[in-house]
Amino acid sequence: MTSPLLKRPGAVAAETPDTDIAAHYGEPVQEQRALERGSGWIDRSNRGVVRVSGPDRLGWLNDLTSQLLRDLAPGTATESLVMDANGRLLHHLSVVDDGTALWAHVEPGTAAGLTAFLDSMRFMLRVEVADLSDERAVVTVAGPERSAVLDAVRDTLPPGTPLRPAVDETDLFLPVTALETVTEALTAAGARPAGLWAYEARRIAAHRPRLGLDTDHRAIAHETGWIGSAVHLEKGCYPGQETVARVHNLGRPPRRLVMLHLDGTAERLPERGAAIELDGRTVGTVGSSARHFELGPIALGLVKRTVPVDAEFVVDGIAAGQEVVVSPDTGANAQISLRRRPN
């Protein structure tokens, strides 16, 4: 679905995989400032939306995903991962339970695959899985004044609209038919329309990766910084748990996530997937990039764990310094002592 909000004055479409929503509405720098200093709303209606209902939903999802969901309280925002048996990342879910159903939004174009996987694992449990991507649209409200804005539009929200209140932003799972009405109300309440460029710059600066943009088919949870936020280390078995436990206790991940501070004199951002080079050799690949209104051009990338933390790179022909996101010392937490048998 191409968002109807692309018809707003000044709207410019984003790039793949976000071409159905706006990159900006004509003033990307001011849009970023609004998200940091006031409030803004971001059209993320290209996100896939999956709803899981039924009395067994939380215990069932607890056994299939990486997060402790069994006792998730209504209205609590969290994240979770679906992995394969080898711990490779398949889906990243931003979730909230409303007391009767769990709602998740996922990367564009992935909801059908997630729904098919979950349906295949239902067996005799009392759960129902629905891909509502054509019926529901995610709008994110961010900024220090977002609570006041949301209070002002409370009566405009369709009854029963799920809200996912994360640490620094709130996701609304709106009916598609209410998208224009609610965003107009948010604007009238003082929230500025902000495109994906502003949101992505904020996300990258906060060291939050996106699955498929900042990861590849080999990526595991310890490489990305999702341990803790999306992976609970003390819960029971789920697909991929053996890899998580082995790396956490006995090994170290082969790569680590970094934020790259790019040379501001370059007139372009690096291509996604371009090589990160150190002394002429490839040590990683770059993912998302953006121009931040305070930090300048920044990006996320995966580099070999053994690369020195003070190394400087060349990324797609652009000089770059690094900011550590995942420590090279991540993992290997088991305390193993060998006792010598007494003579």
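The values are calculated or read from the model by the stated rules, or taken from the named source; none is laboratory data. Bear in mind the structure is a predicted one, so any value in this text is a computation, not a measurement. Note that each Cβ is placed from the backbone with ideal geometry, even for glycine, and that neighbours are counted across all protein chains shown. Heavy atoms of the whole protein, side chains included, go into the accessibility calculation; ligands, DNA and RNA do not. Shrake-Rupley method; radii C 1.70, N 1.55, O 1.52, S 1.80 Å.
Is it possible to state the helix-based mean residue ellipticity at 222 nm for the chain, with each DSSP H run of 4+ residues giving -39500 (n - 2.57), the sum divided by total residues, to the nearest 500 deg cm²/dmol? What is it?
Working: 8 runs with 66 residues, N = 343.
Calculated from helices alone, the mean residue ellipticity at 222 nm is -5000 deg cm²/dmol.
Starting from region 195-284, pick out the GluC sites (Glu not before Pro) whose DSSP state is loop and whose Cβ has at most 13 other Cβ atoms within 10 Å.
Details: sites: GLU200, GLU223, GLU234, GLU242, GLU267, GLU271, GLU277; in loops: GLU234, GLU267, GLU271.
Loop-located and lightly packed - GLU234, GLU267, GLU271.
For the chain, which whole percent of the accessible surface, found with a 1.4 angstrom probe, sits on carbon and sulfur atoms? Mind dumping the intermediate values first?
On the way: 7800 of 15780 Å².
C and S atoms contribute 49 percent here.
Take the Cα pairs of region 255-325, get the Kirkwood Rh, then feed it into Stokes-Einstein at 37 °C and 0.692 mPa s and tell me D in µm²/s.
Here the translational diffusion coefficient equals 281 µm²/s.
What is the gain in length, in nm to one decimal, between THR19 and ARG126 on full extension, counting 0.36 nm per residue of separation less the C-alpha to C-alpha distance?
Working: separation 107, 0.36 × 107 = 38.52 nm, distance 3.71 nm.
In short, 34.8 nm is gained.
How would you rank 80-93, 185-198, highest first, on the average number of other Cβ atoms within 10 Å across their residues? All intermediate terms of the calculation are to be shown ahead of the outcome.
Numbers: 80-93: 20.1, 185-198: 22.1.
Highest mean packing first, the order is 185-198, 80-93.
What does a probe at ASP329 reach in region 291-318, counting residues whose amide N is under 20 Å from the point 7 Å along Cα→Cβ?
What the label zone holds, given the 20 Å backbone N cut-off, is 303-311.
How much space per residue, in cubic angstrom, does the convex hull of the C-alpha atoms of the chain take up?
Values: hull volume 53.8 nm³, N = 343.
It is 157 Å³ per residue.
Taking 7 Å along the Cα-to-C-beta vector as the label spot, tell me the GLU312-ASP168 distance in nanometres, rounded to one decimal.
2.7 nm
Hey, can you rank 139-152, 9-22 by average C-beta count inside 10 Å, highest first? Before the final figure, lay out each step's value.
Values: 139-152: 18.9, 9-22: 15.6.
So the peptides 139-152, 9-22, ranked by packing, come out 139-152, 9-22.
Over the chain, calculate the relative contact order: mean separation of alpha carbon pairs under 8 Å at least 6 apart, over the residue count, as a percent.
19 percent
Could you grab the Rg to Rh ratio for region 130-200? Cα atoms only, Kirkwood for Rh. Spell out each step's value before the answer.
Values: Rg = 11.7 Å, Rh = 12.5 Å.
Radius of gyration relative to Kirkwood radius: 0.94.
Over region 139-290, what number does the Rg to Rh ratio reach, with both radii from the alpha-carbon atoms and Rh per Kirkwood? Don't skip to the end; give the middle numbers.
Details: Rg = 19.7 Å, Rh = 18.7 Å.
On the Cα set of region 139-290, Rg over Rh gives 1.05.
Suppose R0 equals 51 Å. What FRET efficiency, 1/(1 + (r/R0)^6) with r the Cβ-Cβ distance, do GLU267 and GLU180 give to the nearest 0.05? Show your work: numbers first, answer last.
Working: r = 36 Å, r/R0 = 0.70.
Calculated value: 0.90.
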